[in-house]
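Before any comments, here is the structure.
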Amino acid sequence: MRIYLSHPYGGKEENREKAAAIAKFYREVWAAEGKDFELINPLEYLEPLSDGVPEYTLLKLAVNLLKSCDAVLFADGWRKSRGCRLEHFAAKGKQIAEIPAE
């Protein structure tokens, strides 16, 4: 099962680090539990493209990644993020879960 991580970013490095920590946590827990889940963190996948590429292009690529997943995991604060709200809209019909506040 492929699970997409939707996390606020807004160009802030601290948000990239938080998303990386969440991804690491879930990957370790799922591996320890023997679950065959692949967590897709778009901030990791799209990082090589982030310099000089317009935000709307990166968001379009992120939504395409989301569409290739079976489920979406929304991090705390997603409701305040324009990008995450768009991802939530694009996730219609998929399994959706929210990570509780840290």
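The values are calculated or read from the model by the stated rules, or taken from the named source; none is laboratory data. Keep in mind that this is a model prediction, so the values were computed, not measured. We place every Cβ from the backbone using ideal geometry, glycine too, and count neighbours over all the protein chains shown. With ligands, DNA and RNA removed, areas are computed over all heavy atoms of the protein, side chains included. Shrake-Rupley method; radii C 1.70, N 1.55, O 1.52, S 1.80 Å.
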Sum of side-chain charges, residue 58 neighbourhood, beta-carbon under 11 Å (Lys, Arg +1; Asp, Glu -1): -2
Relative contact order of the chain, defined on C-alpha pairs under 8 angstrom at six or more residues apart (%): 37 percent
Acute angle (nearest 10 degrees) that the helix 55-67 long axis makes with the longest principal axis of the chain, alpha-carbon atoms: 30 degrees
In Å², nearest 10: area of residue 36 left accessible to a 1.4 Å probe: 130 Å²
Student exercise, the chain dipole from Lys, Arg, Asp, Glu Cβ charges, in Debye to nearest 20: 460 debye
Protein accessible area in the chain, 1.4 Å probe - carbon and sulfur %: 54 percent
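May I ask you to compute the full-extension gain from residue 79 to residue 30, defined as 0.36 nm times their residue separation minus their alpha-carbon distance, rounded to one decimal in nm?
15.1 nm
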Per-residue [θ]222 nm for the chain (sum of -39500 (n - 2.57) over DSSP H runs n ≥ 4, rounded to 500): -14000 deg cm²/dmol
Gain on full stretching of the segment that runs from residue 95 to residue 57 - 0.36 nm per residue minus C-alpha separation: 11.2 nm
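Going by a ≥ b ≥ c, the root eigenvalues of the Cα gyration tensor, does the stretch 1-41 fall in the rounded group (a/c under 1.5), the prolate group (a/b larger than b/c) or the oblate group?
On the way: a/c = 4.84, a/b = 2.09, b/c = 2.31.
Taking the square roots of the gyration eigenvalues as a ≥ b ≥ c, the stretch 1-41 is oblate.
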Solvent exposure of the chain as accessible area per residue, Å², 1.4 Å probe: 62 Å²
Residue (of 39, 78, 91) at the positive-pole extreme of the chain, dipole from beta-carbon charges: 91
Rounded tilt (10° steps) of 13-32 against the dominant C-alpha axis of the chain: 20 degrees
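Apply 1/(1 + (r/R0)^6) to the Cβ-Cβ distance of residue 37 and residue 86, taking R0 = 25 Å, and write down the FRET efficiency to the nearest 0.05.
Working: r = 24 Å, r/R0 = 0.95.
For residue 37 and residue 86, the calculated efficiency is 0.60.
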